[in-house]
1. Among 9-21, 191-203, how do they line up from the highest to the lowest mean number of other beta-carbon atoms within 10 Å?
2. Take residue 117 and residue 221, extend 7 Å from each Cα along the Cα→Cβ direction, and tell me the distance between the two endpoints in nm.
3. For the pair residue 191/residue 147, report the inter-label distance in nm, with labels modelled 7 Å from Cα in the Cβ direction.
4. Amide H neighbours of residue 171 under 5 Å, counting only residues 5+ apart in sequence or on other chains, H built in-plane at 1.01 Å?
5. Show me, for the stretch 141-157, the HN-Hα J-couplings you get by feeding each phi into the Karplus relation (A = 6.51, B = -1.76, C = 1.60, θ = phi - 60°), rounded to Hz, glycine and proline as x.
6. What's the extension gain from residue 178 to residue 22 if we count 0.36 nm per residue and subtract their Cα-Cα distance?
7. Principal axis extents for the stretch 115-181, Cα atoms only, whole Å, descending order, please.
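Quick note: the coordinates plus some simple rules give every number you see, no bench work behind them. Not measured: the values here are computed from a predicted model. Counting neighbours? That spans all protein chains shown, and the Cβs are built from the backbone with ideal geometry, glycine included.
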Amino acid sequence: MADGEQGKGVRTEVIIALIGLFSALGVAAVQNWDKIFSSSPASSESTAPPTPPANSPLDNASSADAPLANSPSENPAPDPSSPSTPITSPPTPGPTPVEPVTPEPSPPEPGFNESSVGQWSSEGDIQATHRIDLEITEINQGRISGVVTSSNYNSGSRSGVLSILGDVDQKVADLEIFDQRALELGEAEITLEDETLVWRLKRLQGTSDVLPALAYLYKVNN
């Protein structure tokens, strides 16, 4: 009886020990599940393809097919020290074109010239006894021609249109005076002094006071 009970106690202890062992194994299996069922490094290394040795025919074949970076055959850099490399000097600039210089027109010679052609008048001279208007129509090859009219402020007499014709010597012109019938009436001299035309009556037929003995005329801007 005692032996039977003792045997049951031993079996009970064995069962309890087995249950504890299985429980511990189950817990360990759950905690290391990924490690147990994942591929091990040894198996991964065993399945990896073998690395070909350096300078193997495979490397040579792949290197022949792939484009070479910085290959000497593609855009080689010039070597200045190499005698076979031509050294190109920069182009020499040509001569700078020179624009033609247009000469400035020379100023007119002093005295009577083309700028003297036009209207001259003593109007505005408050000291004058006459108003005289003179028009130079042409100056050519030392000859001068034009017309003159005059009126006396005191007597009111008028000359009408008179013709003048004469010779020019730089700043001085000697004139002959003609009436409308081409009859000579007298002589006068005109002198160009700066911008003033000085009239001097040298001779006049009769005692008419229609022309002044002296007058100062100025260019009229048309």
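1. Put in order of decreasing packing, that is 191-203, 9-21.
2. In this crude label model, residue 117 to residue 221 measures out at 2.1 nm.
3. Going by the 7 Å Cα→Cβ label model, 2.9 nm.
4. Correct list: 112.
5. 6, x, 10, 10, 8, x, 9, 9, 10, 8, 9, 8, 5, 7, 8, x, 6
6. 40.1 nm
7. Rounded to whole Å, the extents work out to 39, 29, 17 Å.
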